[in-house]
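First up is the structure itself, then whatever we jot down about it.
The values are calculated or read from the model by the stated rules, or taken from the named source; none is laboratory data. All values reported here derive from a predicted model rather than from experimental measurement. Neighbour counts are summed over all protein chains in view; Cβ atoms, including those assigned to glycine, are modelled from backbone coordinates with ideal geometry. Ligands, DNA and RNA are excluded from the accessible area calculation, which covers all protein heavy atoms including side chains. Shrake-Rupley method; radii C 1.70, N 1.55, O 1.52, S 1.80 Å.
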Amino acid sequence: MSFPFSPRRRKDFSIDRLRVLYTDLIQHIDFTDEDLGRRAVNDEDRSVHKKSLRFSFRKKLIPDNLNDTFEIETRDNPNIEYAFGNEVVSLLAAFRMLAATKSPDKEGDHLGSAARDDYIVAAMSSAKKVENRVVEILEEIGEIVVHSERTTSDIRGDSVFEYFCEKNILSLIVDITKTKEKKPADARLSDTSCYGVVWTPLVKAQCFQTTSLLLSNVQASSVVYYLLSHNYINEQIMCMTPFQQWTHSSLTKMMPQYVDLLKNVTMQLTDDPLLFPFLIIDNPENGSTKFPLFSVALELATSAYAESDSSVYDTCITIVVNLMKIKSESIEKWFMSASSEQKKLADHLSQRLLNRYNRVCDICTGPVVDFVRSRAVNDELSKLYDDMGVIRDVFWSTRGLDVRLCESLLQRVVSVLLKNMLPPRQDTQFLDVGVVDADVIPQREARAQVSTLFLAFLFSNLAYSPFQRMLAVAVLHPISTPLWLSSRSVKQFSEDEYIFMPALSDIVTGEELRKEVCPNGFRAEVLNALEGKYGDWRFISSACLIQTIFNEELIVNDSLTLMNLLPHFGENGYTESPLENALAAFLKKEHKPSRIVSQALECAGQLAIQIVNFSVKHCTTISEPWEKLDYVLEHSKSWSALGEAYHGFCADAAELKEATGVSDIFLDLLETTIRNRYKAKTQPSGTTVYFCSLSQQAFNRKLSESELLVRKNRDCGMSDVESARFFINMALHYRALHKIIDHKLRLSLNVDQEPGPLDFVDEADFLTRTIGRLDDKPAVGTEMDLTGRMTFRFHLPTGPMKSPEKDSPKVKAKASALILVLDHTDMFVVRPNLTRLEENLSSVLHSISLRSVIAAAADGNWLHVAVRHSDINMLIKNGNMAVQFENTGASLIVKQYLDRSREVLRQEMLTKVKELLPL
């Protein structure tokens, strides 16, 4: 026999089944006819219920494992009291313990000492059985209504939906959701009443799930209109507030279904904005209009529970943003008038950024090197990107909210960031050490570093021009307002008071002359960091900040000119800029080789190029583009410092080239550095070019790297070999920057007459490709003409010669079929083409660069060559290449020719190195 709710039983979606379930539900929840009204069970319902396969109303509420006498409630005696001796087992007490709301009689989520009482244990078991049955009924009611709606062509004539509307089952589900624990004085609360089942979190969660099921699965618009009518959904949404009334364990059980309901209602409104009137509540007394879906989603997103559950927060904040993005005049009008919701959202987003900032500062304070803290910083920066994305969406969603959000960010976030950039007061004890030299990052220095990076984050991620301009003025304008340093708390400002936006606007328009102003100390701190006074870490973060401001999409060039940040080439000649002076001072400093210094120099080089490009674009003294460029390069301090740094790196590399342990491998170091910098790219024409993205090396990914805050590994002192590699890399980088100005910028001026955005991609030229061995060699399997080449026949044991290249075939070469070809740069192993001997063609089997040869030694008619090459079966094994020639003389000739070719190649490469890295 199969039971009604057995998985093997075929479900019944008939009207009779719905009557049975509804009658069963009414009996389980003990609602009175006065409470139910027209929703009460009638005689037809009772008749159908009585004939059903399962008469499940309180079959047995007391477990069998107790030996005390008890009576079982039956259909004829449904309200009997259950006794163990003289004690009454109270279902009411059990339901009070299971209730979702907080109450003094609960002793924690595990029911405390009350759970050890045998009578309470029996009552709890019975109460949970009733609870589970109610959950099953609510779930199946939703499935029957959805099935009926989907399988009926005309929903208005469907008996199931008609009964659902007749009994107003949706309102009953909402009432169950809204019902909370009653006081003991309520007459309906007898010890044996099951009324308290509607207090439990599982029943309420199922109510949310059933409503969500109905909304997300019905297809007929008339059904959707019915579900949303009479404020049923609005009441169910609002019944959860305030969230503090629920226990934490109850919230954990109810919240997934509740959030799912909010999400499904949002999806319905997004698909059909005309449903908006169904989701608002008008208050004729004060003329206000409530939008419960938005208000509750916002309240939940800002609640303490959402703070502890990231999935709930992400869903709710997404609901808020999606609702603001709906293109509907009525919805947009409501958002514009919802000043309290706007302020709450703006303050929440700002406070969330500030909390993220404080967490990063706390993590960064401590030892310089810590892998665990570095990983924690990466996690926080990743979450910061998500927070920025939400703020960016809000900026562009609702008119009016953008202004409020700007002011909130300035008050709550930017003011804190700017204050922490300033040096400590003179009377404050402070350990004045640089981050580069210290083993521990002091709190003050950590906050200054994190503040600079957070400002760069605000510039690069919040692509909202009005806010970017205000932030640029706050950080870099020569004049500032004392409000930033005011000790007045944000809470002291009135709700609608705008403080910083009017002050920044007055500075831009010149109104500051009539108000209290002061020199901008934050600008001075940024320039000091760019000068290198606070170490290389602070330089990189400050350079990232300036670079984000250079983004033309965020800040117009007139704003940069207004802030007197860049040099000016006008009718009065060349005017220096503090930014250029600071950058030149940093480039002229002596830099100790390290990985962090390498990143700082890359950032400095790109900034210098950006300044040159800006100067050329705004030079009004000369009209001819090329003459304009030459004039700017002649007077620009940043270009001059860039050239001095380039020649300095070349000189340092040349000096180390003669050092012991470096001279023999200098060419190898240079070749390896070039090959690591340049990546191959195949053009549509089939040719291969090699390029290096300088912007990726300089600024991309710098903001998201925790290395700027907490290091994973310590930078130890570099050896001569590592130092040589450092100076080679810097010389190549600055050579590429010079090529951008000398070639790309000149070419753009020749074509367009005006400089455009710089392309920070360096394509390897012939000199770079030659030294770095980037030129293509004859591929394995191609035909090679041996005419005019130095060739030698050699012998190998008979067997297959396997090539390490994936695309090369297995070739079986006999001893008499192989030829060694010596070129001035490479040696090749080829096999003669026996079918085309008259053409002197051979197939290339392998190629080995002469620069990979370490040494060669003759042993009779055998020649042993030590090479840096992967193993090739029967030819190279563990770096040793052994070949056998016809006689001893041939072996010696090959060795002498090989040594001479290697030396000639080495001298040729050294000559080219002087061209690549000029002194």
Residue hits (the range 635-649; over 12 Å from residue 723 (Cα atoms) and open to solvent by less than 40 Å² (accessible area, probe 1.4 Å)) are 636, 638, 639, 641, 642, 643, 645, 646, 648
In the range 724-763, which residue that is modelled with pLDDT under 75 and among the polar types (S, T, N, Q) is least open to solvent (accessible area, probe 1.4 Å)? 748
Would it be correct to say that residue 309 is farther than 21 Å from residue 399 by Cβ and without any contact (Cβ under 8 Å) to a residue 24 or more places away in the chain? no
Looking only at the range 861-891, which residues are under 19 Å from residue 903 (Cα atoms) and open to solvent by 60 Å² or more (accessible area, probe 1.4 Å)? 864, 868
I need a count of the residues in the range 817-860 that are open to solvent by less than 40 Å² (accessible area, probe 1.4 Å) and not in a strand (DSSP E or B). 8
Does residue 622 count as of a type in the set (A, V, I, L, M) and in a loop (DSSP other than H, G, I, E, B)? yes
Against the condition part of a helix (DSSP H, G or I), open to solvent by 10 Å² or more (accessible area, probe 1.4 Å) and more than 30 Å from residue 903 (Cα to Cα), how does residue 631 come out, does it pass? yes
Could we say that residue 620 is at pLDDT below 80 and under 30 Å from residue 509 (Cβ atoms) here? yes
Please specify each residue of the range 518-535 satisfying the condition of being surrounded by fewer than 22 Cβ atoms within 10 Å (Cβ to Cβ) and in contact with a strand residue (DSSP E or B) (Cβ under 6 Å, 6 or more places away or on another chain). 518
Quick one: would you say residue 834 is without any contact (Cβ under 8 Å) to a residue 40 or more places away in the chain and not polar (S, T, N, Q)? yes
Is there any pair linking a residue in the range 205-218 that is in contact (Cβ under 8 Å) with a residue 40 or more places away in the chain and more than 11 Å from residue 146 (Cα to Cα) to one that is open to solvent by less than 10 Å² (accessible area, probe 1.4 Å) and not in a helix (DSSP H, G or I), with Cβ under 7 Å and at least six apart or on different chains, and which? none
I'm told residue 373 meets every condition in (1) modelled with pLDDT under 90; (2) out of contact with any Gly (no Cβ under 9 Å at 6 or more places or on another chain) except one. Can you identify the failing condition by its number? (2)
Scan of the range 582-599 for residues that are part of a helix (DSSP H, G or I) and either at positive phi or open to solvent by less than 50 Å² (accessible area, probe 1.4 Å) (or both), ordered by number: 582, 583, 584, 585, 586, 587, 596, 597, 598, 599
Residue 213: open to solvent by 10 Å² or more (accessible area, probe 1.4 Å), farther than 25 Å from residue 165 by Cβ and more than 32 Å from the chain's Cα centre (by Cα), yes or no? no
Given the conditions (1) modelled with pLDDT under 90; (2) open to solvent by 50 Å² or more (accessible area, probe 1.4 Å); (3) of a type outside the set (S, T, N, Q), and given that residue 196 satisfies all but one, which numbered condition is not satisfied? (2)
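Table: residues versus (1) buried (at least 16 other Cβ atoms within 10 Å of the Cβ); (2) more than 29 Å from residue 220 (Cβ to Cβ).
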position: 264; (1), (2): yes, no
position: 269; (1), (2): yes, no
position: 281; (1), (2): no, no
position: 290; (1), (2): yes, no
position: 296; (1), (2): yes, no
position: 301; (1), (2): yes, yes
position: 308; (1), (2): no, yes
position: 312; (1), (2): yes, yes
Quick check: anything in the range 236-248 in contact with a strand residue (DSSP E or B) (Cβ under 8 Å, 6 or more places away or on another chain), farther than 20 Å from residue 143 by Cβ and open to solvent by 70 Å² or more (accessible area, probe 1.4 Å)? no
Scan 111, 92, 189, 98 and give me the residue that is at pLDDT below 90 and touching a Lys or Arg at 6+ places or on another chain (Cβ under 7 Å). 189
